[in-house]
Amino acid sequence: MGKAELPLHAPGTQVDRGYIGQSVPRPNAARLLQGRGSFIDDLRFPRLAHVAFFRSPYAHAKIKKLDFAKAVKAKGVVAVFDGPTVAEYCTPWVAVLAHLKGIKSPPQHAIAIHRACWQGEAVAAVVAESRSQAEDAVQLIEAEWEELPVVVDMEASLRGDVVIHDEFEDNICFKREHDTGGVDEAFAKADVVVEETFHFGRHTGVCLEGRAILADYNAAEHSLTVYHATQAPHMMQDIFSRHLGIPEGNVRVIAKDVGGSFGIKVHVYADEMATAAISVILRRPVKFVADRLESFLSDIHAREHRVKVRLAASKAGEILAFDMDDLTAIGPYSVYPRTSGIEGNQVVNLTGGPYKHQKYRGRLNVVFTNKNVTCQYRAVGHPIAVALTEGIVDLAAQKLGMDPAEFRRKNLIPDDAYPYTFPSGIKFEKLSHLRTLDKLLGLMNYKSLREEQRTLRAKKIYRGIGLAAMIEVTNPSPAFYGVGGARISAQDGATIRLEPTGMITVMCSVTEQGQGTEAIFAQIAASAVGVSLDKTKIITGDTGVTPYGGGTWASRGAGIGGEAVLQAGRALRSNALDVAAAILKMDKQELDIVGNAVINKLSLEKKMDLAELGRVAYFRPDTLPMDFQSELTVTRHYTPRQYGFTFTNGMQASLVELDPETGFIKLLKHWCVEDSGTLINPMLADEQIRGGVVQGIGAALYEECLYSPEGQLLNGNLADYLVPMSGEMPDIVCSHIETPTMQSQLGAKGIGEAGTAGAPAAVMNAVNDALAPLGARVTAMPFTPERILQALKKV
């Protein structure tokens, strides 16, 4: 290639100091090459580049002008992009699901084109040789803005005082009403009616590892390899393919060990799509890692709700009906592809869940605002539904003069009532509310704690005991997303291969986010095949080698991925015994595999090592019968079919102490009894519960994303945004009941979100129990000292 024949790049773009998308004179080829002898080499052997984003400082503003003149001259800068240029390579998306009737959202671009709709939305990107150089150049971008009206308050959004998106008549993204009928009649005949309004502060996941992506486009193969901190590699493979115009088979997504996700990393992020598109444009690897400040502005938030709820009961203490109205704000877009309607939809589905009433009405409005987007976060919708249910149940028990534990015992769905259909339409296979309640009360020594509480109150020491019953969605079927048209797999697959050395390699589509998935897969596979744990190798999170599957979300790793591993392992064991029978000239029924060897099932005599079996099968198949072919690689897939979801249940309790002078809440102890079906690894199960409880405590007492009336995030850093720390956490006691699901051979249900689902409710009820003798009550999470003192009328 001669110097006058520069490689062609995208129309309207210019490489080197790299200017993309702005109308300035293009330097000629000679000038491009002056002093840049490595320019052609850079194109042939492209080095890793780093991207940083210029983000809107306004919550809602029109982009009048972006001036990149200074940025493109900065040291190390490779290219600068605006939204229209990236849009030529990455198509926009609209996050809706067909089964959420009427849900709407405007198209969202990888980089905003005409206006920014929340503070922190990316409106330009700088690519440089290092992250620090890209960040420095971002500071040199000059912008002219036209500020637009901002909608921050969700009640104002619902009224439609200002409509955010011109293409819509209102700010309602999604609305739903579910009514069994007979609700008004139940309230009319009730002896006791209680009502309350609960407020839940929006918060976010604060993962140990920030969002990260490295995209590497190979122009010669028209292929894209993406190293991605994601929970759903196959979902992202499909999305990169469709929006970047690359055949799906040419896209490989690799998710190695991810430093925590909690649902935060299961969504499509505009800046990550932009990173992949820029790799395609520049034909070189491009990396983006969100720093902590960016994470607060751009990682999805969750759980901003205002819920009004009523409960009707008889004087005998029987719950007759629930009536609930939920308003939730999601930011300016529904998040792709799972949508931001699911959280509120879950609140409608789950409110009142553990109880046997038959009359229920739930209303939902999901509205747009000019804050960061919200979407699925650990225990999606459950903490809201459980807290408002358990809060109003406690209030009813108080009004009836009943002990809260006995009121629950009277109203929980009996353990012998299954299968059971809840008034919202969801179906329960088999739950154990009364057994978990009894076990919890015994574990915490409930009666003694109540006696101690009365004694201490006489000394003006205010302790509170809070209970919370809960149900949890796990192991979701295609009824969750597939039925709505989302290309999100409800199944998972596992391939297990017996190696010539007698080891087994397990490849599964579920990813490892720190929850211990790979450990339980090793246990399941080793047990199913008959080998020791040290003879297993686990590979997850790579679309290039693992079977197609959904990944990690909705507490499905053990129940769905684990079942696929079990079935594949049992099939491989059977196939290996076929080979052993052929080698040994014995009946297959006489043989088994135990401890890495083939044994005689009756005498337990060792017949041959698996390594020897592997050697013969792979290297000396000529010694086997002519009509025999060994099959030592097996793939199995699994998805639940009989029920839309495999529900778990549990009971939690919290013991707190209130300082009425300062408003501080001290956590003394927390208990959780959970029924998640077959327990595979008790230690991992306990730690999943404990971690979930800690996140639930964070929502109850500490965490809230605070915004100004102008839509500015006020506490987007770890100095001002409070997360629970070890010093404040109580001892968390875990116990289990096992009611296996009959939908699978393994019998496992999910457990990853149980702690988060129930902890806010238990802590809230404990706080209000401590406040009760002082005539105060709190219903707005988090329960900060300021809010406690306001309830006590001390500020």
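The values are calculated or read from the model by the stated rules, or taken from the named source; none is laboratory data. Source: prediction; values computed, not measured. With ideal geometry, Cβ positions are generated from the backbone for all residues, glycine too; neighbour counts draw on all protein chains shown. Protein only, heavy atoms only, side chains kept; ligands, DNA and RNA dropped before computing areas. Shrake-Rupley method; radii C 1.70, N 1.55, O 1.52, S 1.80 Å.
Annotation for the range 190-212 versus the range 437-514: alpha-carbon center distance of 18 Å. Net charge of the neighbourhood of residue 679, taken over other residues with C-beta under 11 Å away and scored Lys/Arg +1, Asp/Glu -1, is -3. Between residue 748 and 678, 741, the built amide H atoms are under 5 Å apart, and every one of these is 5 or more places off in sequence or on another chain.
Using θ = phi - 60° in the Karplus curve 6.51 cos²θ - 1.76 cosθ + 1.60, the 3J(HN,Hα) couplings for the range 264-269 round to 4, 9, 10, 10, 8, 9 Hz; x is entered for Gly and Pro.
Net charge in the neighbourhood of residue 196 (other residues with Cβ under 12 Å of its Cβ; Lys, Arg +1, Asp, Glu -1) is 0. Note on residue 532 and residue 793: their simple-model spin labels are 7.1 nm apart, each label 7 Å out from Cα toward Cβ. Taking max minus min of the alpha-carbon positions on each principal axis, the range 647-795 gives extents of 57, 39, 26 Å, largest first.
Couplings for the range 214-220, taken from phi via the Karplus curve 6.51 cos²θ - 1.76 cosθ + 1.60 with θ = phi - 60°, read 10, 10, 10, 8, 10, 5, 5 Hz in order; Gly and Pro are left as x.
Contact order, relative form, for the range 130-215: 11 percent (alpha carbon pairs under 8 Å, 6 or more residues apart, mean separation divided by residue count). Computed over neighbours whose Cβ is under 15 Å from that of residue 303, the net charge equals -3, Lys and Arg +1, Asp and Glu -1.
The relative contact order of the range 368-450 comes to 16 percent, based on Cα pairs under 8 Å that sit 6 or more residues apart.
Here the spin labels are modelled as points 7 Å beyond Cα on the Cα-Cβ line, and at residue 615 and residue 601 they lie 2.7 nm apart. Extension gain for residue 622 to residue 661 (0.36 nm times residue separation, less C-alpha to C-alpha distance): 5.6 nm. The packing ranking, built from the mean of other Cβ atoms within 10 Å per residue, places the peptides 179-185, 215-221 in the order 215-221, 179-185, highest first. Residues in the chain average 38 Å² of solvent-accessible surface per residue, probe 1.4 Å, ligands and nucleic acids excluded. Of the accessible area of the range 605-715, computed with a 1.4 Å probe over protein heavy atoms only, carbon and sulfur atoms account for 53 percent. Remark: the residue 590-residue 706 segment gains 35.0 nm on full extension, using 0.36 nm per residue and subtracting the alpha carbon distance. Calculated mean residue ellipticity, 222 nm, the chain: -8000 deg cm²/dmol, from DSSP H runs (n ≥ 4) at -39500 (n - 2.57) each, averaged per residue and rounded to 500.
Which FRET efficiency, nearest 0.05, do residue 720 and residue 786 yield, Cβ-Cβ r, R0 22 Å? For residue 720 and residue 786, the calculated efficiency is 0.95.
Averaged over residues, the count of other Cβ atoms within 10 Å places the peptides 104-112, 152-160 in the sequence 104-112, 152-160, highest first. Here is the tail figure for the range 208-258: Cα pairs spaced more than 19 Å apart come to 22 percent of all pairs. Between residue 166 and residue 64, the FRET efficiency estimated from the beta carbon spacing at R0 = 22 angstrom works out to 0.80. When the inverse distances between all different Cα atoms of the chain are averaged and flipped, the Kirkwood radius reads 28.4 angstrom. Of the chymotrypsin sites (Phe, Trp or Tyr not before Pro) found in the range 100-170, those in coil by DSSP whose Cβ has at most 16 other Cβ atoms within 10 Å are 168. If I take every Cα pair under 8 Å that is 6 or more residues apart in the chain, average their sequence separation and divide by the length, what percent do I get for the relative contact order? That works out to 14 percent. Here the range 255-348 has 51 percent of its accessible surface on carbon and sulfur atoms, given a 1.4 Å probe and all protein chains in place.
In this structure, the pairs whose alpha-carbon distance is over 28 Å, taken from 359/399; 104/189; 439/537; 308/371; 70/265, are 104/189; 439/537; 70/265. When each of the peptides 66-72, 472-478 is scored by the mean number of other C-beta atoms lying within 10 Å of its residues, the order from highest to lowest reads 472-478, 66-72. Where q = 0.17, 0.19, 0.22, 0.25 Å⁻¹, what log10 of I(q)/I(0) comes from the Debye formula for the range 543-629, counting one point per Cα? Here log10 of I(q) over I(0) equals -0.78, -0.87, -1.01, -1.18.
With all projection directions averaged, the alpha carbon convex hull of the range 269-382 covers 9.2 nm².
Calculated on the Cα set of the range 447-553, radius of gyration then Dmax: 23.0, 73 Å.
Restricting to the chain, what percent of DSSP beta bridges are antiparallel, rounded to 5? For the chain, the DSSP antiparallel bridge percentage is about 75.
3J(HN,Hα) couplings calculated from phi for the range 662-674 with the Karplus curve 6.51 cos²θ - 1.76 cosθ + 1.60 (θ = phi - 60°) are, in sequence order, 10, x, 7, 10, 9, 7, 9, 6, 9, 10, 9, 10, 10 Hz; Gly and Pro show x.
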